[in-house]
Amino acid sequence: TQVESECRISRESLETLLEETAASQWGPHLLPPEVCSLLNPAAIYANNEISLRDVEVYGFDYDYTLAQYADALHPEIFSAARNILIEHYKYPEGIRKYDYDPSFAIRGLHYDIQKSLLMKIDAFHYVQLGTAYRGLQPVPDEEVIDLYGGTQHIPLYQMSGFYGKGPSIKQFMDIFSLPEMALLSCVVDHFLSHGLEFDQAHLYKDVTDAIRDVHVKGLMYQWIEQDMEKYILRGDETFAVLSRLVAHRKQLFLITNSPFSFVDKGMRHMVGPDWRQLFDVVIVQADKPSFFTDRRKPFRKLDEKGSLHWDRITRLEKGKIYRQGNLYDFLRLTEWRGPRVLYFGDHLYSDLADLMLRHGWRTGAIIPELEREIRIINTEQYMHSLTCAPCLFLRCITKALFNAQFGSIFRTFHNPTYFSRRLVRFSDLYMASLSCLLNYRVDFTFYPRRTPLQHEAPLWMDQLCTGCMKTPFLGDMAHIR
């Protein structure tokens, strides 16, 4: 169509505008003074009211929370898992021709295992048409609707469970899942394009296991440890955040699934050799999310070399390292309960859900994609101020700017995405990185933006009280009496 053609023509110019805006932070030479509704990529956004004055204890995950990683890590994970599939799972050699495409997938997508469909679902369980892919090819809207019994709606019993794992549909929630989605799509694409029969469940499990092997075998840890300057971002900002909190007499703790040797090297790089003195408690290889629900696993103390001690843990000491354990013993030994604790993590399920819903901690989600999404939103607002183009035209362009296949991780046209719904449910605050805390006082109070409910701010003519429009079809209903 003409609109689609114009979208393709205009995308390059808008991407150039986005790059210029990002390079200049706010792009004052691009944006006129009257545009005052811009969003700040370095801001903290509140889903719930929270006063930092009441927070006495700050907790942190490690990967993608204290340590932000460069996107250069994703091709390494993809390639290593691809080679594991070929060499250990005996998958076709032809899969080796596929390289990682960083622009293919976004976080929060769902994968229907039996249908081999990667798709974007909104907060009401509807598939966003135009965002369903089998392998690397889009699936026509008519086929998607037919696959789900004549509707775009995914029944609740099929959807992801509490931790993003339903009986037949999996939601990809963490940033490490980006290379997993890319590899899964490439493998399916190879099998389909070569007419090879395969069992969807077996293929999904093999790809998932190959990605898991990259982590279990320590390959990712090795890459990062060998070149921390390349892979670890914003280390000086992490140090500034932790030091500032300690200076204001806040207590800090770390709970991570990563091993001590890896965390120690990373924290030494970002903070220095005395990093453990900043934390009151450090727990590694915690095995989240079962750490929050399984009472059976006790804490064990580690020495400097990573060797386990056999003595019973009766208190958690500052400067010591503990492995595994469980949240119930943690609460008993520290007495850090309720809303005076604020915990930060990047995974809405594994890091935050249990803490908020079952234990009353305040939670903060780290969403690195937020920074780029906000810059695109600001660019979109600027384009609205310059043109009277149709909404469909601008919608097409901005979707392509977010991601050509799936659009924004936060929105599906008028509705929030399923990812957004969980973000609002499981986090009090969300931000692009921990460094955003440096923009606020330690006693600052965050308030969620008061947005009108649908019945509070009429926007459509049929909802306006004009004094002349009462019950227009009352006469037609007279026969009912």
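The values are calculated or read from the model by the stated rules, or taken from the named source; none is laboratory data. The structure displayed is predicted, hence computed values, not measured ones. Note that each Cβ is placed from the backbone with ideal geometry, even for glycine, and that neighbours are counted across all protein chains shown. Side chains included, ligands, DNA and RNA excluded: accessible areas come from the protein's heavy atoms. Shrake-Rupley method; radii C 1.70, N 1.55, O 1.52, S 1.80 Å.
Cβ separations smaller than 9 Å between residues 6+ apart or across chains give the following pairs from region 390-405 residues that are within 17 Å of residue 378 (Cβ to Cβ) and surrounded by 21 or more Cβ atoms within 10 Å (Cβ to Cβ) to residues that are at pLDDT below 65 and among the small types (Gly, Ala, Ser): 397/10; 397/389.
Within region 411-433, being under 13 Å from residue 45 (Cβ atoms), among the hydrophobic types (A, V, I, L, M, F, W, C) and touching a Phe, Trp or Tyr at 6+ places or on another chain (Cβ under 8 Å) holds for 423, 429, 431. Taking (1) part of a helix (DSSP H, G or I); (2) open to solvent by 40 Å² or more (accessible area, probe 1.4 Å); (3) farther than 21 Å from residue 251 by Cα in turn, residue 310 satisfies each apart from (1). The residues of region 178-192 that are of a type outside the set (A, V, I, L, M) and in contact with a helix residue (DSSP H, G or I) (Cβ under 8 Å, 6 or more places away or on another chain), listed by number, are 179, 180, 186, 190, 191.
The lone criterion from (1) open to solvent by less than 30 Å² (accessible area, probe 1.4 Å); (2) more than 24 Å from residue 419 (Cβ to Cβ); (3) touching a residue at least 60 places away in the same chain (Cβ under 8 Å) left unmet by residue 340 is number (1).
Residue selection: residue 266 satisfies the criterion of being more than 21 Å from residue 361 (Cβ to Cβ), surrounded by 14 or more Cβ atoms within 10 Å (Cβ to Cβ), in contact with a Phe, Trp or Tyr (Cβ under 8 Å, 6 or more places away or on another chain) and among the small types (Gly, Ala, Ser). Can you confirm whether region 165-180 contains a residue that is among the polar types (S, T, N, Q), surrounded by fewer than 22 Cβ atoms within 10 Å (Cβ to Cβ) and modelled with pLDDT under 95? Yes, region 165-180 has at least one match.
Per the listing 89, 111, 69, the residue uniquely open to solvent by 40 Å² or more (accessible area, probe 1.4 Å) and either touching a Ser or Thr at 6+ places or on another chain (Cβ under 6 Å) or among the hydroxyl-bearing types (Ser, Thr, Tyr) (or both) is 89.
The residues of region 273-291 that are part of a loop (DSSP other than H, G, I, E, B) and either touching a helix residue (DSSP H, G or I) at 6+ places or on another chain (Cβ under 6 Å) or open to solvent by less than 60 Å² (accessible area, probe 1.4 Å) (or both), listed by number, are 279, 280, 286, 288, 289.
Taken together, 124, 78 contain a single residue that is more than 21 Å from residue 410 (Cα to Cα) and either among the small types (Gly, Ala, Ser) or in contact (Cβ under 8 Å) with a residue 60 or more places away in the chain (or both), which is 78.
A search for C-beta distances below 6 Å between a residue of region 306-326 that is under 16 Å from residue 261 (Cβ atoms) and any residue that is open to solvent by 70 Å² or more (accessible area, probe 1.4 Å) and among the charged types (D, E, K, R), counting only pairs 6+ apart in sequence or on different chains, returns 308/300; 323/300.
Counting only residues that are assigned to a loop (DSSP other than H, G, I, E, B) and either in contact with an Asp or Glu (Cβ under 7 Å, 6 or more places away or on another chain) or of a type in the set (Ser, Thr, Tyr) (or both), region 313-361 holds 5 of them. Considering only residues of region 220-249 that are without any contact (Cβ under 8 Å) to a residue 60 or more places away in the chain and of a type in the set (Ser, Thr, Tyr), which is farthest from residue 273 (Cα to Cα)? Applying the filter and picking the extreme gives 221. Annotation: residue 294 fulfils all but one of (1) open to solvent by less than 30 Å² (accessible area, probe 1.4 Å); (2) outside any helix (DSSP H, G or I); (3) more than 25 Å from residue 245 (Cα to Cα); (4) at pLDDT 90 or above; the unmet one is (4).
Beta carbons closer than 7 Å, at least 6 apart along the sequence or on distinct chains, pair a first residue in region 349-378 that is touching a residue at least 60 places away in the same chain (Cβ under 8 Å) with a second that is assigned to a helix (DSSP H, G or I) and open to solvent by 30 Å² or more (accessible area, probe 1.4 Å) for 362/339; 363/356; 375/22; 376/402. Among residues of region 244-263 being part of a loop (DSSP other than H, G, I, E, B) and within 20 Å of residue 336 (Cα to Cα), the one that is most open to solvent (accessible area, probe 1.4 Å) is 249.
Sort out which residues of region 377-427 are assigned to a loop (DSSP other than H, G, I, E, B), at pLDDT below 90 and within 28 Å of residue 175 (Cβ to Cβ), and write them in order of number. Talk me through it step by step, then tell me what you get.
Going residue by residue through region 377-427, those that are assigned to a loop (DSSP other than H, G, I, E, B) are 387-390, 403-410, 413-414, 427.
Next cut, at pLDDT below 90 only: 387-390, 413-414.
The answer is 413, 414.
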